[in-house]
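To start, the structure itself, in structure tokens.
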Amino acid sequence: MYRLGRALVVVPLGLLCLAAAADPPKPPAPALVAVPAAPAVTAEVARLVETARQRFEARDAAGVLAHVSEQYRSAGFTKAAVRQQILAMFGLYQELRARVRLDAVEVVDGATWLYTTGEVSGRLPLMGWMTVLAWQREPEVVRREGADLRLFGFQD
């Protein structure tokens, strides 16, 4: 009986020693603060979104991709994956329409974030128009590359 009691005391003490030797808990990451972007930046982002939307409806993959950084990374997507998606849509649908609303442009920790809501619809032979994609207030990061802003992603 004595040995069993001692074992019950030794095991918790061993766990306490291991816990004490482990890395101390990390404080939570500070909350990011978003501030509205300057009106000139907001206007530039709005032009980028509208130009990319027009190029998409014109079925101009190169024109759309000109607004995407070569370093684009977001949710596992790269610029090459975006290219494949666009080309697949162009191959499948006879016609495509895109409605995109710029909800906000903010600066977060020095990076420019934009939020959009929109819908892409496509027309299939014999089936007519259907929604291909729809989103609500989705964030994206843009950065300046040379003289232009380009979609950069969240670099996951």
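Nothing in this text is a laboratory measurement; each read-out follows from the coordinates by a stated rule. As the structure is a prediction and not an experimental result, all values here were calculated from the model. With ideal geometry, Cβ positions are generated from the backbone for all residues, glycine too; neighbour counts draw on all protein chains shown.
Say each of GLN71 and TRP129 gets a label point 7 Å from the Cα, pointing the same way as Cα to Cβ; how far apart are those two points in nm?
Between GLN71 and TRP129, the label points sit 4.0 nm apart.
State the extension gain, in nm to one decimal, for the chain segment bounded by GLN85 and ASP103, taking 0.36 nm per residue of separation less the distance between their alpha-carbons.
Working: separation 18, 0.36 × 18 = 6.48 nm, distance 2.40 nm.
Going from the current span to full extension adds 4.1 nm.
At q = 0.13, 0.14, 0.17, 0.18 Å⁻¹, what base-10 log of I(q)/I(0) does the Debye formula yield for region 32-153 when every alpha carbon is treated as an equal point scatterer in vacuo?
Log-scaled intensity ratios, in q order: -0.53, -0.61, -0.88, -0.98.
Please compute the net charge surrounding THR131, taking Lys and Arg as +1 and Asp and Glu as -1 over other residues with Cβ under 12 Å from its Cβ.
Details: positive: ARG97, ARG99, ARG123; negative: GLU119.
Taking every other residue near THR131 into account, the sum is +2.
State, to one decimal in nm², a quarter of the convex hull surface area for the C-alpha atoms of region 70-138, i.e. the direction-averaged projected area.
Numbers: hull surface 22.3 nm².
Computed as one quarter of the Cα hull surface, the answer is 5.6 nm².
For ALA62 and VAL35, what does the FRET efficiency come to when R0 = 35 Å and r is the distance between their Cβ atoms, rounded to the nearest 0.05? Walk me through the numbers before you get to the answer.
Values: r = 34 Å, r/R0 = 0.99.
About 0.50, to the nearest 0.05.
Stretch GLU95-ASP148 to full length: gain in nm at 0.36 nm per residue minus the Cα-Cα span? Display every interim value, and only then the final one.
Details: separation 53, 0.36 × 53 = 19.08 nm, distance 2.88 nm.
Full-extension gain reported as 16.2 nm.
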